[in-house]
1. Given 5 Å bins starting at zero, what is the percent of C-alpha pairs of region 117-190 in each, up to the one with the largest pair distance?
2. Antiparallel DSSP bridges in the chain: what percent, to the nearest 5?
3. At 0.36 nm per residue, and after removing the present C-alpha to C-alpha distance, how many nm does the segment from residue 410 to residue 157 gain when stretched out fully?
4. Can you give the Rg/Rh ratio of region 267-359, where Rg is from the C-alpha atoms and Rh is the Kirkwood radius?
5. Take the Cα coordinates of the chain, assign each an equal point scatterer, and use the Debye formula without solvent to give log10 I(q)/I(0) at q = 0.12 Å⁻¹.
6. Can you tell me the Rg and the Dmax, both Å, for the Cα atoms in region 296-343?
7. Given springs between every Cα pair under 10 Å in a Gaussian network model of the chain, which of 298, 100, 308 has the largest fluctuation?
8. Would you calculate a helix-derived [θ] at 222 nm for the chain, using -39,500 (n - 2.57) for each DSSP H run of n ≥ 4 and dividing by the full residue count, to the nearest 500?
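Nothing in this text is a laboratory measurement; each read-out follows from the coordinates by a stated rule. Model, not experiment: these values are computed from the prediction. FYI the Cβ positions are ideal-geometry reconstructions off the backbone, even for glycines, and counts take in every protein chain you see.
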Ligand SMILES: [Zn+2]
């Protein structure tokens, strides 16, 4: 079953023309042209669902051929897809399409003092996108980017002195800010707004937020480097549900996979039924705002092969995070030439627990082996290579500050 929707019907014709332009451009890409045989004219927004989807590498192949240029101002290059090796490149014009976001969603106003805590540089777009939004909102901006572990307390004292009202970052980075503030006994009573983008919301943040900034509420954006911002939510919406922008079209295909079509005429990337790997569904949002909203169910590529068996990483992480004293968990797979040597579940103890010893790693390990066929079977002969370990910090991406549910390491 497929389902598609677009939030607004106005200017449907010009949005259709954008989709048609993307299709025309994709048909000029030698490596992709054949798949679009028989797809020449897009007759309606619903008709887009009949065009073949793009997966991550397809878009990079198209962009390498098309090399789009912004009509006005600079053409920015950002890292797009591929977490290893040479960066694959996506393009965006100055402004990063944030005018369309701001027209629908304005969490900041002129009185806000906003800390931009998304990392800057290394070809990641989030810091610049947030700066563009702040520009449109006319607030005061403190461009901090990423900081090292020993810098948090000094910066937090500065934020308190400046009566910061808003902060933005990936949920993984926000957790560091709030956990460090709580540990240092620093409060931010003026803080009202926590903007987030880049990962799923982490509900464990809320305990630290309540202690540090009791008035703070979350404001989320959903998107990718290829699509830019697709949807937004407010404190009244569930954290996994986003209202889709009028210039974006979301379609739910087989296996609940979401694909995205950008209908903004300034869009440089030919995003036509582009699949990010996220699954989702169209729902009525609990906030009561009319029109369909997109509920994101998580990634469909969170199944990793361990010794020939599929390991459902998100299930493992969810099970461990339900355990007493656990704040967050991450699966680290160590491989040698494609074979999994070991699987380790790293556990971050919650701030509420008195000591690391309050997490019963041996019990967690037993429970996981008992409930997970893949683990008990794959490590039948060397059970010592499946471990649960309490750690001070999970493994995160230095560039983006994101902490994914699993990490694969090559043992040399
Ligand atoms: Zn809502």
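1. Spelled out bin by bin, region 117-190 gives 3, 15, 27, 26, 19, 9, 2 percent.
2. 60 percent
3. Length difference between fully extended and current span is 87.1 nm.
4. 1.11
5. Debye intensities relative to I(0), on a log10 scale: -1.06.
6. Reported Rg and Dmax, both Å: 12.2, 36.
7. 308
8. -7500 deg cm²/dmol
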